[in-house]
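The values are calculated or read from the model by the stated rules, or taken from the named source; none is laboratory data. Please read all numbers here as calculations on a predicted model, not as lab measurements. For neighbour counting, all protein chains shown are included, and Cβ atoms are generated from backbone atoms with ideal geometry for every residue, glycine included.
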Amino acid sequence: MINENLPKMWYGGDYNPEQWDAETWTEDDRLFKLAGIDVATINVFSWALNQPNEETYDFAWLDETIERLYKNGVYVCLGTSTAAHPAWMARKYPDVLRVDYEGRKRKFGGRHNSCPNSPTYRKYAAVMAGKLAQRYKDHPAVLIWHVANEYGGYCYCDNCAAAFRVWLEQRYGTLDAVNKAWNTRFWGHTFYDWDDIVVPNTLSEEWGGNRTNFQGISLDYRRFQSDSLLDCYKLERDELRRITPDIPVTTNLMGFYPELDYFKWAKEMDVVSWDNYPSLDTPYSFTAMAHALMRGLKGGQPFMLMEQTPGVQNWQPYNSAKRPGVMRLWSYQAVAHGADTVMFFQLRRSIGACEKYHGAVIEHVGHEHTRVFRECAELGKELQLLGDRILDARSDAKVAIIYDWENRWALELSSGPSVALNYVNEVHKYYDALYQLNIQTDIISVEEDLSKYDVVIAPVMYMVKQGFAQRVEQFVSRGGTFVTTFFSGIVNENDLVTLGGYPGELRKVMGIWAEEIDALLPGQQNQIDMKEEWGALRESYPCGILCDVIHAETAEVLAEYGTDFYKGTPVLTKNAFGEGQAYYVASSPDSQFLQGFLANLCQEQGLKPLLDTPPGVEVVERVKDGSSYLFILNHNAEEMTFDAGSANSFDLLSSRQVAGHVTIPGRDVMILERSIAAHS
C-alpha cells in the first residue's frame, strides 16, 4: 500500500489525545519523534465527544489534534468514531440497543453494543461519516479512513428478526424454497407465513452457542448477521467514498474471528487491516497462518497490521510481557507475511477503565526511559531506513490451503460426529507442517483461482459449494495436486447431505467412497500403516478424532488402518485424475506424518523449501520487481546457524553481504535481498 504522502512502511498506532491535557500532548509530540512514529489512528471511540446531542456536532478538538500531529510530522488514520454509540442515543432511541442470545434487551454500556439493523444507528453512523469526510477531505494529514472498530457480535431483536425475513426472501424468493433448504418437514417445522420465522437463539432453536435443532436456520442467521454488520460498514464507506474517492477505506479485522465472513468483507475494503494479539504460548506457525489469511483475503494484496501490543496485553487470562526482542521479531513476522504497516494499540496508556493495563509505547511512567520505548524507537529507525523497499512486495507461494467461514459455521453447528473436531485446528495442522518445512503457503477462499498453485489442500471440506467440485476436477486434470480429508464432501451450501455416498461431489476426483465415520474417544487412537515406504513416510503413525471407513474405487491405497474392525481398510489414497492426482487423508494424523506426507507432495511437484533452517527459525519470502526478500526470523532465545546458500545476499537490516553458513542471534531478524534470476 504505497502512499505518495508517506512512501514508507507506516509506523504508529492508536492514539487517544481526548483522554489527556495539553501539557501531555506536548510531551507526546516529543516522544513520537524519538520513537519514529509517523501515523496515529485517532477518533475511533469519540462519537460521544463529537456529537454530544442529536443536533450538535463539535469537531474543534479533532481539528486541533490533526493540525498538531501534522505539524509534528505525524499523519492520521482517521476513525469514524462509530464503534460505540453515545449514551443520549441509547436513552432516546432504544432501538440501537442489542438483544442478546438469551433474549435480553441490553442497556447502554460496553462497545459493540449497537444493533446492526437499528434504523437509528444506521442513520447517524452514515451522517457522522459524511460530516467527517466533508470536513477533512482536503487535509493532507489524512492517509486512510478507519470505519468503526473490530466489528462483531450478533443481535436477536425484533428489528433483526424482520430484517432476517427480508434477507431470506431475497436469498430464496419463496417460503417453499426456504422450507426445502431448511428441510422443515423434520419435526413439523414447515413455515406458512414469513412472520412464522423467528431468530434462532435460546428461545427457539439454539442452546450453548453452537448447538441447534436446525442447522439450516442457524447457518443462515450467521450469514445474515455477518451481512448486516457488513451493510453498516458499507453505509459509512459509501459516504466516505462519495466525498473522498481518493482516500482508501478499511476497518480492522481479527484473524480467525468466527462470527464474520472476512472473505466477503474483504471485497468491500480497499485494504485489509487486522489486529494481532498472540499469547506468549501461541504457536508461531498459528500467527503466521493468521497473517497469511489476512494476505489471502484480497488475493495476495498486502495488508495493514493495525494493532499489536508493544509490550503486555490486558484481556487474556495470563498477560505475559513480550520478552526483549519479541516485539521487533513479531512485527517483522507480520511484514514478512505481507504487512505494509507496523502499528500498535496503544501509543499512550490510558489511566482508567478496562485498557489501563494494556501495553503502550508510552507507559504510565510517561517518559522514554523504558525497555519497551527503547525497542519501539529502535524499530522506528529501522523502518525509516527500509523506506519503500519492501512495500507492495507479494507472496509467490505455489501451495495453498483453502479456508471457508461458512464451512466453519456448518461444522460447528453440525450435530456430531465429534465435539473434538475443530476446523481451525485441522487447518493449522496442515499449515504448521508446511511451515516447519519452510514451504511458503497461501490461505485462500473457495472462490480463488486454483490454477496459480501446484498443490491445493482443503482440510475437512465438509460443505461443498456449488461449482467447487468442478473447479477441483479441472485443477487436478490439468496437473495439480489436490488434498482433502475425512468428513469432506458431506453437505451442500444449505447443510443438506449430498446423497450417493461421501465425499459427495468430490467422490469422482478422489476415487473413493466412505461407508462409515468413526468418532474416537479422547485419548483413543488408530494408526496409519504405510503399505510401502514412500519418501519420508515409513511404517506407522498415530491418528485420531475421526476415522472415515472408506473404499477405494479408482484410487490407489497408500496406507491402511492398523486397528479396530476396519483394520486393513484404506486411510490414505491417491487418485490419478487427468494429468494430476488427488489425495484423501481419512483421519487426523500427527505432525510427523503430515510433514513427511506434504514433503513428498512438494517434491513430486518440484517445490523446494525456501531454506534449510533449524527448528524455530522461520523463513518467509516476498517478491517485488525481480528481487526476492527472504525474512529469517529466529523465534528461539538462543542463536542459530543456517545455510544462506552460496550466492551473496544483502541483509537489509545489518547492511552486509551474507552467504554460506550464517549465525543469527536469538530473537533476531534478517531480511536477505537477492535477485530472483540469480537464485532460480
Between a residue in the range 121-140 that is assigned to a helix (DSSP H, G or I) and any residue that is at pLDDT below 95, which pairs come within a Cβ distance under 8 Å, given they are 6 or more apart or on different chains? none
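Only one residue in Asn210, Asn252 is on the phi < 0 side of the Ramachandran plot and modelled with pLDDT under 95, so which one is that? Spell out how you get there, then give the answer.
On the way: Asn252 fails: modelled with pLDDT under 95.
Criteria check complete, one pass: Asn210.
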Of the residues Pro86, Pro116, which single one is in contact with a Lys or Arg (Cβ under 9 Å, 6 or more places away or on another chain) and assigned by TED's automatic domain parsing to the domain that holds Gln346? Pro116
Among the residues of the range 422-434, are any closer than 30 Å to Lys180 by Cβ and either out of contact with any helix residue (DSSP H, G or I) (no Cβ under 7 Å at 6 or more places or on another chain) or at pLDDT below 95 (or both)? no
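For Val509, state whether it is β-branched (Val, Ile, Thr), part of a helix (DSSP H, G or I) and either assigned by TED's automatic domain parsing to the domain that holds Phe482 or over 29 Å from the mean Cα position of the chain (by Cα) (or both).
Working: β-branched (Val, Ile, Thr): yes; part of a helix (DSSP H, G or I): yes; either assigned by TED's automatic domain parsing to the domain that holds Phe482 or over 29 Å from the mean Cα position of the chain (by Cα) (or both): yes.
Answer is yes for this residue.
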Elements of type helices (runs of 4 or more DSSP H) in the range 212-319, at least 3 residues being in contact with a helix residue (DSSP H, G or I) (Cβ under 9 Å, 6 or more places away or on another chain), more than 22 Å from Leu413 (Cα to Cα) and touching a residue at least 40 places away in the same chain (Cβ under 8 Å): 215-243, 284-296
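Limited to the range 43-64, what total is found for residues that are among the β-branched types (Val, Ile, Thr) and crowded, with 23+ Cβ neighbours inside 10 Å?
If we filter the range 43-64 for residues that are among the β-branched types (Val, Ile, Thr), which is where we start, we get 44, 56.
Checking the rest, the ones that are also crowded, with 23+ Cβ neighbours inside 10 Å come to 44.
So the answer is 1.
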Residue within the range 308-322 that is among the hydroxyl-bearing types (Ser, Thr, Tyr) and buried (at least 16 other Cβ atoms within 10 Å of the Cβ) present: yes
Meets criteria (free of Cβ contacts under 8 Å to residues at least 12 places away in the same chain and either in contact with a strand residue (DSSP E or B) (Cβ under 7 Å, 6 or more places away or on another chain) or over 30 Å from Val199 (Cβ atoms) (or both)) for Lys71: yes
For the range 12-22, name all the residues that are of a type outside the set (A, V, I, L, M, F, W, C) and either surrounded by fewer than 24 Cβ atoms within 10 Å (Cβ to Cβ) or in a loop (DSSP other than H, G, I, E, B) (or both). Tyr15, Asn16, Pro17, Glu18, Gln19, Asp21
If we keep just the residues of the range 342-393 that are in a loop (DSSP other than H, G, I, E, B) and of a type in the set (S, T, N, Q), which is surrounded by the most Cβ atoms within 10 Å (Cβ to Cβ)? Gln346
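Kindly indicate whether Glu618 is surrounded by fewer than 18 Cβ atoms within 10 Å (Cβ to Cβ) and in contact (Cβ under 8 Å) with a residue 60 or more places away in the chain. First the steps, then the outcome.
Working: surrounded by fewer than 18 Cβ atoms within 10 Å (Cβ to Cβ): no; in contact (Cβ under 8 Å) with a residue 60 or more places away in the chain: yes.
No.
Please count how many residues of the range 37-61 are out of contact with any strand residue (DSSP E or B) (no Cβ under 6 Å at 6 or more places or on another chain), in contact (Cβ under 8 Å) with a residue 24 or more places away in the chain and either of a type outside the set (A, V, I, L, M, F, W, C) or part of a helix (DSSP H, G or I) (or both). Steps first, answer last, please.
Restricting attention to the range 37-61, the residues satisfying the condition of being out of contact with any strand residue (DSSP E or B) (no Cβ under 6 Å at 6 or more places or on another chain) are 45-61.
This time we only want the ones that are in contact (Cβ under 8 Å) with a residue 24 or more places away in the chain, so: 45-54, 57, 59, 61.
Filter again for either of a type outside the set (A, V, I, L, M, F, W, C) or part of a helix (DSSP H, G or I) (or both), leaving 46-54, 57, 61.
Of the residues in that region, 11 qualify.
Does Asn16 meet the test of being under 23 Å from Val342 (Cα atoms), polar (S, T, N, Q) and not assigned by TED's automatic domain parsing to the domain that holds Arg135? First the steps, then the outcome.
Numbers: under 23 Å from Val342 (Cα atoms): yes; polar (S, T, N, Q): yes; not assigned by TED's automatic domain parsing to the domain that holds Arg135: no.
Criteria not met by Asn16.
Please go through the range 430-488 and pick out each residue that is among the small types (Gly, Ala, Ser), surrounded by fewer than 22 Cβ atoms within 10 Å (Cβ to Cβ) and assigned to a loop (DSSP other than H, G, I, E, B). Can you show your working first?
Keep residues of the range 430-488 that are among the small types (Gly, Ala, Ser), which gives 433, 445, 451, 458, 467, 469, 477, 479-480, 488.
So of that shortlist, the ones also surrounded by fewer than 22 Cβ atoms within 10 Å (Cβ to Cβ) come out as 445, 451, 467, 469, 477, 479.
Correct list: Ser445, Gly467, Gly479.
Hey, among the residues in the range 489-502 that are among the aliphatic types (A, V, I, L, M) and part of a strand (DSSP E or B), which one's farthest from Asn422 (Cα to Cα)?
Quick first cut of the range 489-502, residues among the aliphatic types (A, V, I, L, M) only: 490-491, 496-497, 499.
Filter once more, keeping what is part of a strand (DSSP E or B): 491, 497.
On the way: Val491: 17, Val497: 20 Å.
Only one residue tops the list, namely Val497.
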Apart from one, (1) outside the structural domain of Phe59 (by TED's automatic domain parsing); (2) part of a loop (DSSP other than H, G, I, E, B) all hold for Asn149; the odd one out is (1)
Is there a residue being under 30 Å from Val419 (Cβ atoms) and in contact with a Leu (Cβ under 7 Å, 6 or more places away or on another chain) anywhere in the range 163-171? no
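Among residues belonging to the range 527-551 that are part of a strand (DSSP E or B) and small (Gly, Ala, Ser), point out the one that is surrounded by the fewest Cβ atoms within 10 Å (Cβ to Cβ).
Among them, the one singled out is Ser540.
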Give the residues of the range 31-51 that are more than 26 Å from the chain's Cα centre (by Cα), more than 18 Å from Lys8 (Cβ to Cβ) and of a type in the set (A, V, I, L, M), sorted by residue number. Leu31, Ala48, Leu49
Only residues that are assigned to a helix (DSSP H, G or I) and in contact with a Phe, Trp or Tyr (Cβ under 7 Å, 6 or more places away or on another chain): list them for the range 73-88, please. Ala87
What's the total number of residues in the range 515-526 that are within 19 Å of Ala555 (Cβ to Cβ) and either surrounded by fewer than 18 Cβ atoms within 10 Å (Cβ to Cβ) or touching a Lys or Arg at 6+ places or on another chain (Cβ under 9 Å) (or both)? 2
Single residue of the range 560-596 satisfying the filter (of a type in the set (A, V, I, L, M) and in contact with a Ser or Thr (Cβ under 7 Å, 6 or more places away or on another chain)) that is surrounded by the fewest Cβ atoms within 10 Å (Cβ to Cβ): Val585
Which of the residues that make up the range 131-159 are on the phi > 0 side of the Ramachandran plot and of a type in the set (Phe, Trp, Tyr)? none
Members of the range 449-463 that are of a type outside the set (Gly, Ala, Ser) and touching a Ser or Thr at 6+ places or on another chain (Cβ under 7 Å): Asp454, Val455, Pro459, Val460, Met461, Tyr462
Consider the range 201-227. How many of its residues are more than 21 Å from Thr190 (Cα to Cα), among the small types (Gly, Ala, Ser) and surrounded by 20 or more Cβ atoms within 10 Å (Cβ to Cβ)? 1
